[in-house]
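One structure is given here, and the rest of the page talks about it.
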Amino acid sequence: MVEPLWTSAEIVAATGGQATGGAFVATGVSIDTRTLQPGDLFVALPGVRDGHEFIAEAMTKSAAGALVTRPVDAPAVQVPDALKALEQMGIAARDRAPNARRCAVTGSVGKTSVTQAIAAALKLAGPSHNSVLSYNNHIGVPLTLARMPRETKRAVFEIGMNHADEIRPLVKLVRPHVAVVTTVGAAHTENFPDGEAGVARAKAEIFEGLLPGGVAILNADNDWFDLLEAAAQAHGARVLSFGHAADCDAQLIEMQAQASGAVIVASLHGQALRFPIAQSGAHWGLNSLATILAVEALSAPVEIALQALAAFAPLAGRGETHQLMIDGAAITLIDESYNANPISMRAALAALGEAKAAGRKIAVLTDMLEMGEGAPAVHAALAAPIAAAGVDQVFLAGPDMRALWDILPVAQRGAWRETAAALANDVRDALRPGDVVMAKGSKGSKASLVVQALLDAALNPTIVAAGKTR
């Protein structure tokens, strides 16, 4: 039996709204009728289409009631502002779980994967709660809070940003005990006149919501560590570091590639540590240490984190690997299509370089968005990591990727097209048995279309995870 999450009376108490159409009990909270489950509260948010247009559909799908801003023909709580009311519900959910230790995660790269790795560990440690994939904005964060059960003991929230002053209000909703910054790099730089420095200061907003005595977990290998450390300490945080240096709280000594995944050799608070992970990308050496420090800071055993990391497979669009048979050719497809910036591009190319291939190593890259006036140069700079990875052939899509195409050696050139959709057939036609293909780009440049085209063309595709198929 699903436990009640909200009664209409509790929603009224949290929001100051007015109950109409009868009392109700909700077992979940939804903002989208496509994913709404029976018993959910449907929140009618404004948007391209007004959420009130979907009230009837929500009730048909057995929603318990609705949160609305005008009268509707359904059990509801009416409020002046639905988003503000969702935030108020989030605060109430936070406050009614007073023993829950909360963690907030941000970063230019890796925040979703690290959040989900932490979440995997917390599930093993007892009643827990976490963000659903990338629910990290002004809607996703309060929604995640509002969904938090009152019996929660530990929770982890992803917090994202495109501009300054976006993390600040969200972290003040979460009020975390632990804040993690995975790294800072050239992402969304077109929104900051001073580039990465502005990004770093925006990421540092996460410390403003830390509870007294909170912990900040920072990447000591990152160029912006000093700025982040100073900001964290200014807000009274205790700083824990992860990186390659011997004085880090969690030191990465070596990452040993395995047939599937890797083994991490590290030092944790001066004690030797060796453990397997299901990930193979080089960036997971540091990601795994950030995960361990966060789980430990949330008062869960380190052993729980190690157990979770041993089984935590790449997420869809973030390194998920497929074995495909296309037109008689057996190939490996590495799906990195969810998003991209220069840091994650370099990491993905390095992982491709480390991959074992019976055939060629092929990179399919689409534009990195929000790079500002320097976008062509940023894209052209990928030539060096492509060469270092020993990539045999490169397929590119998007106007900014043209700058990279123009400087690639002729022998590496596969094809360049204006769009990812136009590139898909070029990639498929070029495939040979044993090829390893990695596709990556910003979400808006749609490298995922190439991935989907290859999946659609495949016979009985399988996903490889930790040495198994599923």
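The set of residues in the stretch 135-172 that are within 20 Å of S442 (Cβ to Cβ) and open to solvent by 40 Å² or more (accessible area, probe 1.4 Å) comprises Y135, N137, N162, H163, E166.
Pairs linking a residue in the stretch 360-384 that is of a type in the set (S, T, Y) to a residue that is open to solvent by 10 Å² or more (accessible area, probe 1.4 Å) and part of a helix (DSSP H, G or I), with Cβ atoms under 8 Å and 6 or more positions apart or on different chains, are T366/S445. Consider the stretch 426-443. How many of its residues are open to solvent by 50 Å² or more (accessible area, probe 1.4 Å), in a helix (DSSP H, G or I) and not charged (D, E, K, R)? Within the stretch 426-443, residues that are open to solvent by 50 Å² or more (accessible area, probe 1.4 Å), in a helix (DSSP H, G or I) and not charged (D, E, K, R) number 0. Identify the residue in the stretch 83-99 that is of a type in the set (A, V, I, L, M, F, W, C) and out of contact with any helix residue (DSSP H, G or I) (no Cβ under 7 Å at 6 or more places or on another chain) and, among all such residues, is farthest from D40 (Cα to Cα). The residue in question is A97.
If the condition is being out of contact with any Gly (no Cβ under 9 Å at 6 or more places or on another chain), over 16 Å from T182 (Cβ atoms) and without any contact (Cβ under 8 Å) to a residue 40 or more places away in the chain, then the stretch 201-210 contributes only R201. Here the helices (runs of 4 or more DSSP H) wholly within the stretch 330-425 that include at least 2 residues being open to solvent by less than 20 Å² (accessible area, probe 1.4 Å) and closer than 19 Å to G319 by Cα are 342-354.
Checked against (1) free of Cβ contacts under 8 Å to residues at least 60 places away in the same chain; (2) buried (at least 17 other Cβ atoms within 10 Å of the Cβ), G198 passes all but condition (2).
Being of a type outside the set (F, W, Y) and free of Cβ contacts under 8 Å to residues at least 40 places away in the same chain is not true of H283. Of all residues in the stretch 101-118, those that are closer than 20 Å to L210 by Cα and part of a strand (DSSP E or B) have Cβ atoms under 9 Å from Cβ atoms of residues that are open to solvent by 20 Å² or more (accessible area, probe 1.4 Å) and at pLDDT below 95, 6 or more apart or on another chain, in V105/K111; V105/N136; T106/N136. How many of the residues in the stretch 312-329 are open to solvent by less than 40 Å² (accessible area, probe 1.4 Å) and farther than 23 Å from N130 by Cβ? Matching residues across the stretch 312-329 total 5.
The values are calculated or read from the model by the stated rules, or taken from the named source; none is laboratory data. Here the structure is a predicted model, which means the values were calculated and not measured. Positions of Cβ are generated from backbone atoms using ideal geometry, with glycine treated the same way; all protein chains shown enter the neighbour counts. These area figures cover heavy atoms from the full protein model, side chains too; ligands, DNA and RNA do not enter into them. Shrake-Rupley method; radii C 1.70, N 1.55, O 1.52, S 1.80 Å.
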